[in-house]
1. Keeping to segment 181-201, report how many residues are buried (at least 23 other Cβ atoms within 10 Å of the Cβ) and of a type in the set (A, V, I, L, M, F, W, C).
2. Of the conditions (1) touching a residue at least 12 places away in the same chain (Cβ under 8 Å); (2) assigned by TED's automatic domain parsing to the domain that holds Gln360, Pro185 satisfies every one except a single condition; which number is it?
3. Assess whether Leu233 counts as being of a type outside the set (D, E, K, R) and under 23 Å from Ser320 (Cβ atoms).
4. Of a type in the set (Val, Ile, Thr), within 23 Å of Pro199 (Cβ to Cβ) and surrounded by 21 or more Cβ atoms within 10 Å (Cβ to Cβ): is that true of Ile98 in this structure?
5. Within segment 168-202, can you find the residues that are of a type in the set (S, T, N, Q), modelled with pLDDT under 95 and out of contact with any Phe, Trp or Tyr (no Cβ under 7 Å at 6 or more places or on another chain)?
6. Please determine, by comparing only the residues of segment 23-48 that are without any contact (Cβ under 8 Å) to a residue 12 or more places away in the chain and within 27 Å of Thr351 (Cα to Cα), which one is surrounded by the fewest Cβ atoms within 10 Å (Cβ to Cβ).
7. Taking segment 217-269, which residues are within 27 Å of Ala183 (Cα to Cα), surrounded by fewer than 17 Cβ atoms within 10 Å (Cβ to Cβ) and among the β-branched types (Val, Ile, Thr)?
Amino acid sequence: MVSNRFAPSRGGVETYVGRISHHLAATGTRVHIVTHRLTPDQPDYETLESGATVRRVDPLIRHEHARCAPSVAFHVRRAARHFDVLHAHSLHDPVTAIAMAAWRGPTVLNTYYHGGSDHPGRDVAHRAITPVLRTMVDAADRVIALTSAEAAEDATLTRRPRQFANKVTVIGSGIDVDAIRDAPPVRTASHQQVQVVVPGRLVGYKHIDRIVHAVGQLGDTHRLSIVGDGPELAHLRDLVTALGFEDTVDFVVAPSDDAMRSRIRGADVICSASAAESQGIIPLEGIAAGATVAMSDIPAHLEIHRRFPDQTMVFGLGDSDAQLAARLRSLRAPRSDRTAAAAHLQGWAQTAERISTVHQQVVAHHAGSPMSARARSRRDRRPTLEIGLAP
């Protein structure tokens, strides 16, 4: 597998790649992950507890939205002698294009495609590279989308809509349902207050500042916990101080997985004002925890709302802070009757099983190619399918 970032970095893509890699390796698939080394203390190579291996390479360009290590091509070509499938993650990341150009065998692509960006500069950049993105979608043997909304966005890129419809598969994110349900709830709000929690990576397009403004207007009836880390942390801290909301907002920086689950489990309301998501693991985790989930009305969130209308509320991206505050003020429903929905959520083992089926299908599709002949020879000697993962 190839991914721009991987654990210990935190984020939706990192969680997705980490969880499916763990479950694939646990069921006998040989998994190798190629990713960037983001800090000097991260090892070049390691073997994870699941048996999956990780190769980290130093990026030549380190900007968050354009991180790039040309040496990924070398590691992908070398992996082609030992692995059967390239599973690339994130259409936007330059490393994905490098990996796909270097690979000459069966390819699966998770796009995580949002269409564009609400940041003017990045939106211009996205439009400029649209021909490259289109080529990558067309070149993949199979495309995995997390939602039907993402699949529709992917379809807008391709010039071969009929062929694309035959190769796209919607496989939603898994959720650690049992771990969330079993986590001891942690709250900073009193019993009389509504606990609003915003978990996840702190980045600009998630518009967490809007939630700060909105909750601040609710006085002492609500309390906000921002649980995560990211480039917006300093800005959000400064904003809370400037508004005088220190008694209303608290931060939990770089939480462990267990700490994150406990905060989600203790929430009355999970809130996401994100402008772009392929699906959104956090809203699904909020549903698993029995919280009410308030989400922006982007297509991926609307799909979740249609599945779980009794436990979710959507608000407009263009709503004012006062309008968002009014919507949050109305969310006081009891949690006791909000746990049955978890039975309808997909676990990571199910997600990995469906992805494994896709891997097997693309290998079978390449049965007549020279690469596949070598792959078949390896499989005759080794009974497990081998997956090379790249971002």
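1. Residues that pass the stated criteria total 3.
2. The one condition Pro185 does not meet is (2).
3. Working: of a type outside the set (D, E, K, R): yes; under 23 Å from Ser320 (Cβ atoms): no.
The answer is no for Leu233.
4. On the way: of a type in the set (Val, Ile, Thr): yes; within 23 Å of Pro199 (Cβ to Cβ): no; surrounded by 21 or more Cβ atoms within 10 Å (Cβ to Cβ): yes.
When the stated conditions are applied, Ile98 does not pass them.
5. From segment 168-202, those of a type in the set (S, T, N, Q) are 169, 173, 188, 190, 192-193, 195; that's our starting set.
Now restrict to residues that are modelled with pLDDT under 95: 173, 188, 190, 192-193.
Across segment 168-202, the qualifying residues are Thr188, Ser190, Gln192, Gln193.
6. Of segment 23-48, the ones without any contact (Cβ under 8 Å) to a residue 12 or more places away in the chain are 39-41, 45-47.
Okay, now just the ones that are also within 27 Å of Thr351 (Cα to Cα), so 45-47.
Numbers: Tyr45: 8, Glu46: 12, Thr47: 10.
The qualifying residue surrounded by the fewest Cβ atoms within 10 Å (Cβ to Cβ) is Tyr45.
7. Thr221, Val253
Residues are listed down the side, and each one gets a yes or a no for (1) under 13 Å from Asn4 (Cβ atoms); (2) of a type in the set (Val, Ile, Thr):
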{"position": "Arg37", "(1), (2)": "yes, no"}
{"position": "Pro43", "(1), (2)": "no, no"}
{"position": "Thr47", "(1), (2)": "no, yes"}
{"position": "Ala79", "(1), (2)": "no, no"}
{"position": "His87", "(1), (2)": "no, no"}
{"position": "Leu109", "(1), (2)": "no, no"}
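The values are calculated or read from the model by the stated rules, or taken from the named source; none is laboratory data. These figures come from a predicted structure and were not determined experimentally. With ideal geometry, Cβ positions are generated from the backbone for all residues, glycine too; neighbour counts draw on all protein chains shown.
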